[in-house]
Amino acid sequence: MTARGLVPLPRHPVGLPWPTVAWPSATPPPEWDLGPRLGEMFSDEERFGTTYAVAVAHRGSLVFERYQGELEHWDRPSEPVGPGTGLLSWSVAKSVLHAAVGILVGQGRIDPQAPAPVAEWSTPGDPRGRISVDDLLTMRDGLDWVEDYDLGAERSDVITMLFGGEGAAGVEDMAGFAADRPLAAEPGSRFSYSSGTTNVLSGVVAGIVGRHQAYLDWLAAALFGPLGMTSARPGLDRSGTWAASSYLHASARDWLRFGELYLRDGVWEDRRLLPQGWVDEGRRPRSPDDAGTWFGAHWWTDCDDLGTFWASGYEGQTVTVCPGLDLVVVRFGRTPDGSGAVGEWRRALLRDLDPARDDQLREQADPAEGSSGHPAGRSSGEKSPVEGSCT
């Protein structure tokens, strides 16, 4: 992002079939030498741990995909990873929830600027009743929440929410568990990365479209079906709400489809699925975190002249959207938290593909894409919002 504003989102190439049923294939541009950079993601286990899948789409066509390894299951034999394998999102799912909310905004069923319709905040005089849907989307809700993935931490709300604990209701009703947190700051006054916030927002969606099978059916009809994301499998908590902070399985090709939707400004098969401007609201820089990374609205955003923004998940899951190169890159695997390796690799890959960009990159190292999708691999600091600027 620069003072010139957001990089324009490219349109789908005229005459090229959309990848709803199958991805068109193409060879990369001759000046792109993808082999070494993409190959190291699989071969350099010391830096990257285990990589299951990397897939690249350029100008609407699949130009690279590679798979490796096996997924271990406790209830069945290990599964070799391939084009149809469902890969766990972790926090990449947060960005998918952004799309779900956008669809409801486009239908007039959610007003982003209105107070979030959360039952726990509905008592007259409850200060949490001032939290808007936009506050939730930008994680500036002000709730007292600890996003700490250190199992030895004295307090970790996210671990309790996702995995339970003595006296905890998180596994039963994750949205309710998070909504019960008191305010620690005035709504809208600070940024604090929170998986609980995402599940509160998913609870808002569930209150509109229904829970349990009704939620799954709505996601399939409104989002996954139109994109051809036939492998998408959201994980519900026991209350029937999608645990959108963490749980969505989909194949690498389907993750590419999701990235392509955002690259095309929410348009698919020449039909608008997301309202005009919704992708821009997601990728517009809103708040810096304590590592110098910028957060938009349930998307992370780079300060580069290519307009790069990305969805980020625990252990290095990433869906990277690069408007300046008409590119989507997907990587799923298991990289040790906090290493910084996947973020550095992502940045280096884009530099390889656009050598003129070298002098435009920020000098600081790209933070790790680590715990629960927070790129720094730790709880975020409390930062005042500074919208629309990466300076």
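The values are calculated or read from the model by the stated rules, or taken from the named source; none is laboratory data. Treat the numbers as computed from the prediction; the structure is a model and nothing was measured. Backbone-built Cβ (ideal geometry, glycine too); neighbour counts: all protein chains shown.
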*asked:* I need the full set of residues from the stretch 224-240 which are over 21 Å from Pro117 (Cβ atoms) and either among the hydrophobic types (A, V, I, L, M, F, W, C) or free of Cβ contacts under 8 Å to residues at least 40 places away in the same chain (or both), in order please.
replied: Phe224, Gly225, Leu227, Met229, Thr230, Ala232, Gly235
*Among what's in the stretch 1-43 and is in contact (Cβ under 8 Å) with a residue 12 or more places away in the chain and of a type in the set (Val, Ile, Thr), pick the residue that is surrounded by the fewest Cβ atoms within 10 Å (Cβ to Cβ).*
Val21
*Consider Leu219 against the criteria (1) part of a helix (DSSP H, G or I); (2) of a type outside the set (Gly, Ala, Ser); (3) in contact with a strand residue (DSSP E or B) (Cβ under 9 Å, 6 or more places away or on another chain); (4) without any contact (Cβ under 8 Å) to a residue 60 or more places away in the chain: it satisfies all of them except one. Which criterion is unmet?*
(4)
*Can you name the residue in the stretch 10-50 that is in a helix (DSSP H, G or I) and within 22 Å of the chain's Cα centre (by Cα) and is also nearest to Arg334 (Cα to Cα) among such residues?*
Phe48
*Out of the stretch 285-312, which residues are outside any loop (DSSP other than H, G, I, E, B) and in contact with a helix residue (DSSP H, G or I) (Cβ under 9 Å, 6 or more places away or on another chain)?*
Trp300, Thr301, Phe309, Trp310, Ala311, Ser312
*asked:* Which of the numbered conditions does Leu325 fail, given that it passes all the others? Conditions: (1) under 16 Å from the mean Cα position of the chain (by Cα); (2) modelled with pLDDT of 60 or more.
replied: (1)
*Identity of the residue in the stretch 275-316, under 13 Å from the mean Cα position of the chain (by Cα) and among the aliphatic types (A, V, I, L, M), that ends up surrounded by the fewest Cβ atoms within 10 Å (Cβ to Cβ)*: Ala297
*Looking only at the stretch 51-102, count how many residues are under 18 Å from the mean Cα position of the chain (by Cα) and more than 22 Å from Met41 (Cα to Cα).*
10
_Among the residues that make up the stretch 257-269, is at least one of them aliphatic (A, V, I, L, M) and either in a helix (DSSP H, G or I) or within 15 Å of the chain's Cα centre (by Cα) (or both)?_
yes
